[in-house]
Amino acid sequence: MSGQLSIAAWQLDQDSAAAYEAYLVARFFGRWAERLVAHADITPGASVLDAGCGTGIVARTAAHAVPDIEAVGLDLNDGMLAEARRQDSQGHVAWESGSLAAMPFDDGRFDVVLSQQVLQFVPERARALTEMYRVLVPGGRLLIALLRDIRFNASYEALAAVLDRHAGREAGDMIRSPFAGPDAATLRTELEHAGFGNVTIQHDILDVRFPNPSEYLRQEAASSPLAGPLSELAEDRTRALIADLEAALEPFTDDRGVTFPMQTYLVQARRPGIQ
Ligand SMILES: C[S@@+](CC[C@H](N)C(=O)[O-])C[C@H]1O[C@@H](n2cnc3c(N)ncnc32)[C@H](O)[C@@H]1O
């Protein structure tokens, strides 16, 4: 993976997309997708959009969980979409290339819009929420998962501080970026401004495990834009980083590796009207 990837939209190349699926989807995004789909209460035959689908775990989970739905995945990263198509060998989902800020869909196209860990990377967030509202039918439902601030995700805060010290502030900020989305009050205001009603925001906490501190770093880096800067570190620098990381993660380490609670917002809202 090259070091020139843009962190702004969390853009990954294809190898990183495969690593993202193998590591992060397997460790937590997959379980979170199951929770999001369960909360969505999708009815058979519904039309469902996975907005910012990445490798498509939310759309694939919905398509497997509910019979006869029309599932569509939208993302602007071709590497992620290629991996999504590879994972969906039976073609249960329609994969579309495009931005949340200008969706290639007609008004009222979907009964349910799901979006997992995307909005923190979208600079035009208000525009994306307006688009979600537009593509939903009146009465349609929106469910968003969005990580809480990094102070509620302490193992990542520790990881970012170690990266600051050994690989520079930019590397630390890459780990911080998924946690830099809006807080609950801001989200609620933005959703209501876009026209949504019945907004509820709850905290969802998942126990996550990695085999050891260095695998935690390696798997996170391989699945993110962090791979570039880390691969440029000298060997002794990397060794010092790992030693420091083991010390920093000691509160999260047991006999079976690194384990920690990860906290996200689970947001539900409805486009007013009768379906
Ligand atoms: C952390 S990944 C989450 C992927 C997937 N939802 C999941 O749960 O595994 C963030 C995704 O958002 C996508 N993304 C970021 N900005 C976007 C935009 N403006 N429009 C569409 N997708 C976007 C990225 O390409 C990336 O695939």
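Report ³J(HN,Hα) in whole Hz for each residue of the range 163-175, in order, from the Karplus equation J = 6.51 cos²θ - 1.76 cosθ + 1.60 where θ = phi - 60°; Gly and Pro get x.
Running phi through 6.51 cos²θ - 1.76 cosθ + 1.60 with θ = phi - 60° gives 5, 3, 5, 9, 10, x, 4, 4, 5, x, 5, 5, 6 Hz.
Can you tell me the order of 57-63, 251-257 when each peptide is scored by its average per-residue count of other Cβ atoms within 10 angstrom, highest first? Present the calculation step by step, with values, prior to reporting the outcome.
Numbers: 57-63: 26.9, 251-257: 12.1.
Order by mean packing, descending: 57-63, 251-257.
Once phi is turned into ³J(HN,Hα) by the Karplus curve 6.51 cos²θ - 1.76 cosθ + 1.60 with θ = phi - 60°, what whole-Hz value does each residue of the range 115-129 show in order, with x for glycine and proline?
Residue by residue, the range 115-129 yields 8, 10, 6, 10, 4, 5, 9, 9, x, 8, 5, 4, 5, 4, 5 Hz.
Please compute the Kirkwood hydrodynamic radius of the range 139-275 from all pairs of different C-alpha atoms, in Å with one decimal. Walk me through the numbers before you get to the answer.
Working: mean 1/r = 0.0602 Å⁻¹.
It works out to 16.6 Å.
Can you give the extra length, in nm with one decimal, that the chain gains between Asp173 and Ser97 once fully stretched, where that is 0.36 nm per residue apart less the Cα-Cα distance? Let's see the in-between values first.
Details: separation 76, 0.36 × 76 = 27.36 nm, distance 2.74 nm.
That pair, Asp173 and Ser97, stretches by 24.6 nm at full extension.
What value, in deg cm²/dmol to 500, does the helix sum -39500 (n - 2.57) over DSSP H runs of n ≥ 4 give at 222 nm once divided by the residues of the chain? Don't jump to the answer; show the numbers that get you there.
Working: 11 runs with 109 residues, N = 275.
Rounded to the nearest 500, it is -11500 deg cm²/dmol.
If packing is taken as the mean number of other Cβ atoms within 10 Å per residue, what is the order of 212-225, 38-51, highest first?
By packing density, highest mean first, the sequence is 212-225, 38-51.
Could you give the length gained on full extension between Arg85 and Glu70, defined as 0.36 nm per residue of separation minus the Cα-Cα distance, in nm? Present the calculation step by step, with values, prior to reporting the outcome.
Values: separation 15, 0.36 × 15 = 5.40 nm, distance 1.56 nm.
Going from the current span to full extension adds 3.8 nm.
Taking only the Cα atoms of the chain, how large is their convex hull per residue, in Å³?
On the way: hull volume 31.8 nm³, N = 275.
Measuring per residue, one finds 116 Å³ for the Cα hull of the chain.
Out of every Cα pair in the range 166-217, what percent are spaced more than 15 Å from each other? Intermediate results must be reported in sequence, preceding the final value.
Details: 914 of 1326 pairs.
When every Cα pair of the range 166-217 is considered, 69 percent fall beyond 15 Å.
Applying the Karplus parametrisation 6.51 cos²θ - 1.76 cosθ + 1.60 with θ = phi - 60° to the phi angles of the range 103-113, what ³J(HN,Hα) value in whole Hz is obtained for each residue in order, glycine and proline being reported as x?
Each residue of the range 103-113 in turn: 6, x, 9, 5, 4, x, 6, 10, 7, 9, 10 Hz.
Restricting to the chain, compute how many DSSP beta bridges are antiparallel as a %, nearest 5.
On the way: 22 of 41 bridges.
Beta bridges within the chain, antiparallel portion: roughly 55 percent.
By how many degrees, 0 to 90 and rounded to 10, does the Cα axis of helix 235-248 deviate from the longest principal axis of the chain?
Here the helix axis deviates by roughly 70 degrees.
Evaluate E = 1/(1 + (r/R0)^6) for Phe105 and Asp149, where r is the Cβ-Cβ distance and R0 equals 35 Å; express this FRET efficiency to the nearest 0.05. Please report the intermediate quantities before stating the final value.
Numbers: r = 32 Å, r/R0 = 0.91.
Efficiency computed from Cβ-Cβ geometry: 0.65.
Multiply the residue separation of Asp78 and Ala22 by 0.36 nm, subtract the distance between their alpha-carbon atoms, and state the gained length in nm to one decimal. Intermediate values should be presented prior to the final figure.
On the way: separation 56, 0.36 × 56 = 20.16 nm, distance 1.76 nm.
Result: 18.4 nm gained on full extension.
Please give the peptides 181-188, 202-209 ranked by average Cβ packing (other Cβ atoms within 10 Å per residue), highest first, as a rough proxy for protection.
Per-residue Cβ counts within 10 Å, averaged per peptide and sorted highest first, yield 181-188, 202-209.
Each value in this text was obtained by applying a stated rule to the coordinates, not by laboratory testing. Bear in mind the structure is a predicted one, so any value in this text is a computation, not a measurement. Virtual Cβ from ideal backbone geometry, glycine too; neighbours counted across all protein chains shown.
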